[in-house]
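See below for the structure under consideration.
The values are calculated or read from the model by the stated rules, or taken from the named source; none is laboratory data. Just so it is clear, the model here is predicted, and its values are computed rather than measured. Quick reminder, even Gly has a Cβ in these numbers, built from the backbone with ideal geometry, and neighbours come from all protein chains shown. All accessible areas refer to the heavy atoms of the entire protein, side chains included, with ligands and DNA or RNA removed. Shrake-Rupley method; radii C 1.70, N 1.55, O 1.52, S 1.80 Å.
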Amino acid sequence: MARNLAPETIAAQAAGAMDEATGGIVPPLHVTTTFLRDPDNQYRKGYSYGRPDNATIQEAERVLAMLESADAGALVFASGMAAATALFRALSPGDRVVVSRVMYWAMRAWLLDEATRWGLHVTFVDTDDLDALRAAVQAPGPTRLVYIETPGNPLWTITDIAAAAEIAHAAGARLAVDSTAASPLHTQPLTLGADIVMHAATKILNGHTDVVAGVLAGRINDDFWARLVQIRRSNGAILGPFEAYLLTRGLRTFFLRARQQAESAHLLAERLTMHPRVASVLYPGLPTHPGHAIAARQMTNGFGYMLSIRVTPGKAGSGQASAIDTAARVRLWTRATSLGGCESLIEHRASIEGPDTPCPIDLLRLSVGIEDADDLFTDLDEALRAAD
Ligand SMILES: Cc1ncc(COP(=O)(O)O)c(C=O)c1O
């Protein structure tokens, strides 16, 4: 498939994958764990064992690499966490890393616990503040990796990727970006200067709430990328072939879903701004969001499918109680964690993040799906008005 095709075309046709043997338009699912060795002891077909590689996984990787303009290619992992943590495992004990303070809570917990146990020095910083980021990166002891999440969970904090890349590179560090909430529809981190982009493909890339998967895509095929390939191989963190098959299928409709979800999210954000029970709406598409100016420059085709609202106190007297009660009263939104599926999800985020979270206790996180936006608004409106 030619490289200059629109990403929508690449995704819809799974980068041209077909079944060469039968002419089937949909490629088969390769479940084998081992491969026949040639009589002269070679593996000329390129495969030897299922842990390092698999043809079905490579089909998903081809699409993802093209969507991210990743010259090094893409690697799919058994989860978003497996992909993200591989980046840190590729470093050595004693190395310093600088990461976003506002980020997916389980990743923050892993960095605080496992990464420090492994001997990494982890500095959390508000990466939307470039002076603070520069100071953290330039602190004594060389920084090896800057890891940002933008928009950052669950405040949708925006970090300027191009500026962060300049700061990281000036200090000899690499920049990796968790772009899960942006998706390739809205942001191209590698084109903006990042070295690695990471996605929890569990979310909008697969989009059907039936696969746990992660991906890394690399700008340069260098030693660091080779190390990531080796880590996935030796740690056994590869995605299963059935999940990879579903992921490629989900990717075929990714752009349709993501455009609709972003449009509905923006509409809901605007309408919720005027709601009497909503103290504030956090959505990078709103001019009131602190990261809006950078988001308007950095993001394309809209601002994504995620937003949060802070709920005003009701009869029970606390915003937290009102937020929890609102989530209890919705009938159309699904009360569940995760994001990016066809069905809209609502979550009282502080309940899952624990006591050290930067997440306000009156915050509801909303993942907007592909349902009718008016239906979604009406359901939430009724729940908010009825909440104690
Ligand atoms: C922004 C972000 N990054 C990473 C992850 C981890 O992905 P997974 O659950 O597939 O391990 C998540 C999961 O919610 C996420 O929201």
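Just a few scattered comments:
- The set of residues in region 118-154 being more than 22 Å from Trp225 (Cβ to Cβ), open to solvent by less than 40 Å² (accessible area, probe 1.4 Å), within 16 Å of the ligand (Cβ to nearest atom) and not in a strand (DSSP E or B) consists of Thr127, Pro151, Asn153, Pro154.
- In this structure, Ser322 does not qualify as of a type outside the set (Lys, Arg), in a helix (DSSP H, G or I) and modelled with pLDDT under 95.
- Test: Ala328 is more than 16 Å from the ligand (Cβ to nearest atom), more than 30 Å from Thr191 (Cβ to Cβ) and open to solvent by 40 Å² or more (accessible area, probe 1.4 Å): yes
- Of Gly302, Gly250, Gly285, all but one fail to be modelled with pLDDT of 95 or more, in contact with a Lys or Arg (Cβ under 9 Å, 6 or more places away or on another chain) and under 20 Å from Asp374 (Cα atoms); the exception is Gly302.
- Region 81-96: number of residues that are away from the ligand (no atom under 16 Å from the Cβ) and either open to solvent by less than 20 Å² (accessible area, probe 1.4 Å) or acidic (Asp, Glu) (or both): 3
- The residues of region 207-238 that are over 21 Å from Thr33 (Cα atoms), free of Cβ contacts under 8 Å to residues at least 60 places away in the same chain and in contact with a helix residue (DSSP H, G or I) (Cβ under 8 Å, 6 or more places away or on another chain) amount to a single one, Asp210.
- Candidates Asp379, Asp388, Asp356, filtered to the one that is of a type outside the set (A, V, I, L, M, F, W, C), in a loop (DSSP other than H, G, I, E, B) and under 18 Å from Ser322 (Cβ atoms): Asp388
- Region 31-65 - residue that is of a type in the set (D, E, K, R), surrounded by 13 or more Cβ atoms within 10 Å (Cβ to Cβ) and part of a loop (DSSP other than H, G, I, E, B) and, of those, modelled with the highest pLDDT: Arg51
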